[in-house]
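Asker: First the structure, then my questions, so here it is.
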Amino acid sequence: MENLDARLTALADPTRRALIERLALGEATVAELARPFAISQPAISRHLKVLEEAGLIEARVAGTSRPRRLRAQAFTETADWFGPFFAALDARFRALDRVLAEMPDPSPEISTERTDP
C-alpha cells in the first residue's frame, strides 16, 4: 500500500492524532485547529504538512483560506491493511474460547484465590 509507512509515522504523534480527531468533526482552518493547543500556529502548520504529505488530510481553497479536511479513502486503505491481522487474532480468540468452554470447572476443593506469603 502506498504511503503506509508515512501514514503510520504521521499518526504516531499525539498532536497529529488530536488534529485528526478534530478534523473528524469537520473541516477547519489552521487558526481553528491551533486554538486548543499550547503551541504556535506555525507548529500546527508543520504538523498539518506531515499529515498532508502522508495523504491523510487535504486542503481546499476557499477564498483566502485553505481549510483542511480528512481524506476518508486514506483511512479506509490503512484500516484495510490491518484487516488480516484482526481476523487472525479473532480466529485465535475464538479457538481459545472453544478450548476454555470444553475445560471442566476447577475443583471446588482447589482455591483459586492468591495467598500472600
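Asker: Can you run down the residue pairs with Cβ atoms below 7 Å, 6 or more apart or on separate chains, where the first is in the stretch 21-48 and of a type in the set (A, V, I, L, M) and the partner is part of a loop (DSSP other than H, G, I, E, B) and modelled with pLDDT under 95?
Answerer: Pairs that qualify, where the first residue is of a type in the set (A, V, I, L, M) and the partner is part of a loop (DSSP other than H, G, I, E, B) and modelled with pLDDT under 95, are Ile44/Phe37.
Asker: Just checking, how many residues over the stretch 23-57 are out of contact with any helix residue (DSSP H, G or I) (no Cβ under 6 Å at 6 or more places or on another chain) and of a type outside the set (S, T, N, Q)?
Answerer: Going through the stretch 23-57, the residues out of contact with any helix residue (DSSP H, G or I) (no Cβ under 6 Å at 6 or more places or on another chain) turn out to be 23-29, 31-32, 35-40, 42-43, 46, 48-49, 52-53.
Still in the list and also of a type outside the set (S, T, N, Q): 23-28, 31-32, 35-39, 42-43, 46, 48-49, 52-53.
So the count comes out to 20.
Asker: Whether any residue in the stretch 63-72 is surrounded by 12 or more Cβ atoms within 10 Å (Cβ to Cβ) and among the β-branched types (Val, Ile, Thr) is what I want to check. Lay out the reasoning, then the answer.
Answerer: Quick first cut of the stretch 63-72, residues surrounded by 12 or more Cβ atoms within 10 Å (Cβ to Cβ) only: 65-71.
The next check asks that each one be among the β-branched types (Val, Ile, Thr); those that pass are none.
No, the stretch 63-72 contains no residue that is surrounded by 12 or more Cβ atoms within 10 Å (Cβ to Cβ) and among the β-branched types (Val, Ile, Thr).
The values are calculated or read from the model by the stated rules, or taken from the named source; none is laboratory data. Being a predicted model, the structure only gives us computed values, none of them experimental. Note: ideal-geometry Cβ built from the backbone for every residue, glycine included; neighbour counts use all protein chains shown.
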